[in-house]
Amino acid sequence: MSASVSPARDEQGLIDRLGLPRPLVWGFVGLLLFMIGDGVESGYISPYLADHGAGSETRAAVAITVYGAVVTVGSWLSGALSDVWGPRRVMWLGLAVWGSLEVVFLAVALPTENYPLMLVAYGLRGFGYPFFAYGFLVWVLAGSPAHRLGSAVGWFYFAFTGGLPTLGSLLASGSEPLIGEYATLWVSLVLVVAGGTIALTGIRHATGGERLAAPEVSAGRSIANSVAILFSQPRIAIGCLVRIVNTAPQFGFLVFLPTVFSDDLHFGTSGWLQLVFVLGAANIFANLFFGVLSDRLGWHRTLRWFGCVASAVSSLCLYFLPAHVSDRYWVTVLCATLYGITLAGFTPISVLMSLMAPGQKGNAIAVLNLGAGAATFVGPLIVTVFLGLIGPGGVTVVFACLYVLAGIAVRRLRIPEEAQQAVEEGLPLAQVTAPATERAGA
C-alpha cells in the first residue's frame, strides 16, 4: 500500500484546496518570476554571444558548455549545502551570484567584447539558479506538511518549468523586437532580482529555511555525505537511477527525432519545433496535476503507473504511431502531448527521495539533482551506442524497457518509520528526527 495515505483534515480556502503550502506561497510566486528572468535568454543567447564577443559559434558553444557544467555542479551542491547552511542562505547566495555576475556580464564583458571575462562571468553565473531554485525545493520538502508533499512539489515544478524556458522565451519573443536583445537581457536581470526578493522576504518566517543537518556536520562533510549516501542507503541510489530514467529518453529523442519528424515524415523544422513546444507545455500543467493527484492516489502508485509504465507506452507511441500514419500531423501532436504528460508522472520521485532520508534531506535532493544532470548525457549516450546497431525504432524500445525497469524498481523506494509517522500526523519533515543508524552514518 502506498505511503501517502493520510487522515482526513479540515482545509479551508482556495490556497489549501489548490495544495499550496500557505507559508510558502510567495516563494512559488518569486520562483516563477526568477525562472522567467533566467529563461529569457534561452532562445537566443548562443547566436548573440557569437556576434558580441565570442567571435564564432564554436566559442559561444564553449561558453554555454561551461555554463551547463557549472549548473550541474551547482544543482548537486545546492542540496548538500542546504543541509548545513539552510535553504534560506543558499537561496540568498544563488540570488547574489546570479545578480552580481550578470551585472559584470552585461555592463562590462559584453560592451567590451571581452571573451575571457564573458566566459568567467557567464559560466560562474551557472551557480545562481540551481542554488536559488533547488534551495527552495529543499525548503519546500522540509517545510510542507508531509501528507501534502506531492502537491507542493507539483507546484514547484509548475513554477520552475513555467518560467524556464516557457514564459521566459515567450517574454523574449515579445520584447526583443521592441527594445532589442541587449535591453531584453537587462529586463531578465530585473525579473530575477524582483523574483528573488519577493520569495525570500515573503517566506522568511516559514518553517524549513534554517539548518537541517545535525550540529556536528560541517559543509565539507555534508558534501561528502551527498556521495556516501549512494552507498550507505541503496534505496537512494535506486531513486537516483529512477530519476535518470525519467528524462534520459527525452534527451535521447532530441538526438534523432528531429531528423525523423523533419525529414523522414516531412513535417519540416517548424513542425518539429511545434512538437517540442507542445510536449513542454503539456508537461508544465501535468506536473501540477500529478503532484496533487499523488497525495490522494499515493506517491508510489502514481510514480509506477503514471510515470514509469505510462512513459513506456507513450514513448513507443511517440515514434511508432507517427511512422505508421505519416500523413496525419495531429496524431503526432497527440503523441507528443501524451509523452509530455507522462513524464510528469515522475513528480513524486522528489517526495520519495526526501522521505527516504529524513535526516539528510538536502543530501537526498543533491543525489536527485545529480540524477537529473546525468540524464542529459545518458540519453544521448544510449543513442550513440545503439542507433547504428538497431535503428531509431530499436532505440525507442530500449527507452521503453528502461521505463518498465524503473517501474519495477519503485517497490524498493520504501519510506522509513520516522518519515511514515510524519506523513500520518501531517508534520513538516523539518521536525522529523533521523533514526539512529542514519545519524551515525552522517
Could you give the distance between the Cα centres of the stretch 113-151 and the stretch 159-234, to the whole Å? 3
At R0 = 56 Å, FRET efficiency that the Cβ-Cβ distance of Val73 and Trp330 yields, to 0.05: 0.85
Cα pair distances in the stretch 22-202, grouped into 5 Å bins until the bin that holds the longest one, percent each: 1, 9, 17, 21, 21, 14, 8, 5, 2, 1, 0
Under the definition of Cα pairs under 8 Å and six or more residues apart, what whole-number percent is the relative contact order of the chain? 26
GluC sites (Glu not before Pro) within the stretch 354-431: which are DSSP loop residues with at most 16 other Cβ atoms inside 10 Å? none
Compute the signed sum of charges (Lys and Arg +1, Asp and Glu -1) over the other residues within less than 13 Å, Cβ to Cβ, of His266. -2
For the stretch 226-442, the spread of Cα positions along each principal axis, largest first, Å: 60, 34, 25
In sequence order, calculated HN-Hα J values of the stretch 184-194 (Karplus, 6.51, -1.76, 1.60; Hz; x Gly/Pro): 5, 5, 5, 4, 4, 5, 4, 5, 5, 5, 5
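Regarding the chain, what's the average projected area of the Cα-atom convex hull, expressed in nm²?
If I average the Cα hull's projected area over directions, I get 21.0 nm².
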Rounded, prolate or oblate for the stretch 176-275? Axes are the square roots of the Cα gyration tensor eigenvalues, ordered a ≥ b ≥ c, and the cut-off for rounded is a/c under 1.5. oblate
With a cut-off of 20 Å, note down the residues of the stretch 327-357 whose backbone N falls inside the zone around a label point 7 Å from the Cα of Ser42 toward its beta carbon. 336-348, 350
Based on alpha-carbon atoms only, what is the radius of gyration of the stretch 4-126 relative to the globular estimate 2.2 N^0.38 Å? 1.40
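No value in this document is a laboratory result; all are computed from the given coordinates. Just so it is clear, the model here is predicted, and its values are computed rather than measured. Cβ: placed from backbone, ideal geometry, glycine included. Neighbour counts: every protein chain shown.
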